[in-house]
Amino acid sequence: MKSEEVVALNDKFLMNTFGQRQIALKRGQGTRVWDQEGRSYLDFLTGISVNALGHCHPKIVEAIRRQAGELIHCTNLYYVEPTMKLAKVLVEHSFADRAFFSNSGAEANEAALKLARKYAKENVDPKRTDFLTFKNSFHGRTFATVAATGQEKYQHGFEPMMPGFSYAEYNDLASVQALANETTAAIMVEPVQGESGFFPAAPEFLAGLRRLCDEKKIVLVFDEVQCGLGRTGRNFAYEHYGVEPDIMTLAKSLGGGLPMGATLAREHIAAAFTPGTHGGTMGGNPVIAAAALAFCEELFEHGLAETARRNGELWRAKLEALRKRHACIQEVRGLGLMLAIRLDRPSADLVKTLERQGLLASAVAGDSIRFHPPLNVLESELDEAAEILDQVLP
Ligand SMILES: Cc1ncc(COP(=O)(O)O)c(C=O)c1O
């Protein structure tokens, strides 16, 4: 099919939630993707931070093939080896004691919110039903997670929002202290805000949240859907801060490109979920769990986070060099390989020009461009991307 035929199918048959896009992709390998006509692009978007090992990594492909030939689905009424092994691996490498699997970041957060409320009502005080989240956060598109998301643009048209959410200022502990009270069940926060444009939390902010939650018996939830699993140069972003949450959510790169969410929790909190209280037909599907295990092996056994840290340093240096050459770049920000540039002008048109020149990235916050290359991106690919930016930026 030609690209324009794929676009025509989209325009006629798909609900129009993503707006006008330009490219119909057919194939991917490593950091590179090709469109229907065979034009190649460097993928510094990776399906919005999903393909952390690049496209069609041989170990992921092999794990999927093997498991797909054995057992594709049987639901959670039965035990399946890859899913149990995945829970073990995630628990052994994190603060958590137990895992719950779902199909997306929003579902992982939905489970976290339900778990936190049930735990707090049953173990702290029945009045503990409410949630505190942050302005400019992003937690998903379901009714609960869009209510948790502190950005009106995602809520517009879907009001009334689910009650029980209030929004503090990110990196401002005083604003949290002003809102936290005897009805607060949990505080949910991204250690690095992702969708709003890669803003890391200040160390004293996360440490302060932990202290406040301990003092007031509030559950602390870290949404590491985007910043977790090696992206910041550590296995989990919270490791940079020396602060552990009570619940953490993961998704994006976890399934090696297949849809998977995970909600991890400490034992006493996880105990609030009992048989029949929460679930889902597809969560923890064995094919996706097998892919996730292959991804986790690269992350936990083969130093993927360290590779990301090194690549993050290289990429930051290249972006800083570009900043010196292009006055339109105001700032390079982010953590690890989660880096964005802020411009002195709107970024959307520039991102389209980058696409035409063969570099996929995403426009955020009106004036910024964020880059999420695969964690194992090659230095030559970082150079290539920097060259394209050098040509395109005014
Ligand atoms: C921090 C964070 N939480 C939750 C989500 C929602 O994840 P999903 O799109 O898989 O539902 C996202 C998606 O971008 C995210 O960045």
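Please treat every number below as a calculation from the coordinates, not as lab data. On a predicted model such as this, the values are computed, not experimentally measured, just so you know. Ideal geometry is used to build each Cβ from the backbone, glycine not excepted, and the neighbour counts take in all protein chains shown.
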Based on DSSP H runs of at least 4 residues, each adding -39500 (n - 2.57), what is the mean residue ellipticity at 222 nm of the chain after dividing by all its residues, to the nearest 500 deg cm²/dmol? -11000 deg cm²/dmol
Post the alpha-carbon centroid distance, region 310-373 to region 263-297, in whole angstrom. 35 Å
Of all DSSP beta bridges in region 71-301, antiparallel share, percent nearest 5: 40 percent
How big is the charge dipole of the chain about its Cα centre, in debye rounded to the nearest 20, if each Lys and Arg gets +1 on its Cβ and each Asp and Glu gets -1 on its Cβ? 300 debye
Among ALA185, ASN136, ASN285 the positive-end extreme of the charge dipole of the chain (Cβ point charges): ASN285
Given R₀ = 22 Å, what would the calculated FRET efficiency be for GLU297 paired with GLU92, taking r from the Cβ atoms and rounding to 0.05? 0.95
I'd like to know how region 1-136 sits against the 2.2 N^0.38 Å rule of thumb: what's its Cα Rg over that expected value? 1.45
Of the candidates LEU378, ILE72, PHE165, the farthest towards the positive dipole end of the chain (Lys/Arg Cβ +1, Asp/Glu Cβ -1, centred on the Cα centre) is ILE72
Binned at 10 Å starting from 0, the alpha-carbon pair-distance distribution of region 71-301 in whole percents comes out as 8, 35, 38, 17, 2, 0
So what's the angle, to the nearest 10 degrees on a 0 to 90 scale, between helix 379-392 and the longest Cα principal axis of the chain? 70 degrees
Relative contact order of the chain, pairs being alpha-carbon contacts under 8 Å that are 6 or more residues apart, as %: 22 percent
Equivalent ellipsoid semi-axes - Cα gyration tensor, region 270-390, angstrom: 35, 19, 14
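All other residues with a Cβ under 13 Å from the Cβ of CYS213 taken together, and with Lys, Arg as +1 and Asp, Glu as -1, what is their net charge?
+2
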Within region 272-330, DSSP-loop GluC sites (Glu not before Pro) with at most 16 other C-beta atoms within 10 Å are none
Pick from ALA178, ALA116, ALA202: which is most flexible by mean-square fluctuation in a GNM of the chain where alpha carbon atoms under 10 Å apart are linked? ALA178
Under a Gaussian network model of the chain whose springs join Cα atoms within less than 10 Å, the largest fluctuation of LYS59, LYS153, LYS135 belongs to LYS153
Compute the helix-to-body angle for 105-123: its Cα long axis versus the longest principal axis of the chain, expressed 0 to 90° and rounded to tens. 10 degrees
Looking at region 144-217, which chymotrypsin sites (Phe, Trp or Tyr not before Pro) are in a loop (DSSP not H, G, I, E or B) and have at most 13 other Cβ atoms within 10 Å? PHE158
Across the chain, how large is the tail of the calculated P(r) beyond 41 Å, expressed as a percent of all Cα pairs? 12 percent
Distant-in-sequence amide H partners of THR31 (H built 1.01 Å from N, under 5 Å): HIS55
Exceeding 19 Å between C-alpha atoms, which entries from my cross-link table qualify? They are LYS118/LYS217; LYS26/LYS252; LYS88/LYS216. LYS26/LYS252; LYS88/LYS216
Net +/- balance of residues flanking THR274 in space, Cβ distance below 14 Å, scoring K and R +1, D and E -1: +2
Quick calc, region 71-301, dipole around Cα centre from Cβ unit charges on Lys, Arg (+) and Asp, Glu (-), nearest 20 debye, gives 380 debye
Counting only DSSP beta bridges with both residues in the chain, tell me the antiparallel percent, nearest 5. 65 percent
In degrees rounded to 10, the 0-90 angle between helix 58-68 Cα long axis and the longest Cα principal axis of the chain is 60 degrees
For region 71-301, what relative contact order do you get, as a whole percent, if you take Cα pairs closer than 8 Å and at least 6 residues apart? 30 percent
Build a GNM of the chain with springs between Cα atoms under 10 Å: which of SER175, SER166, SER362 gets the top mean-square fluctuation? SER175
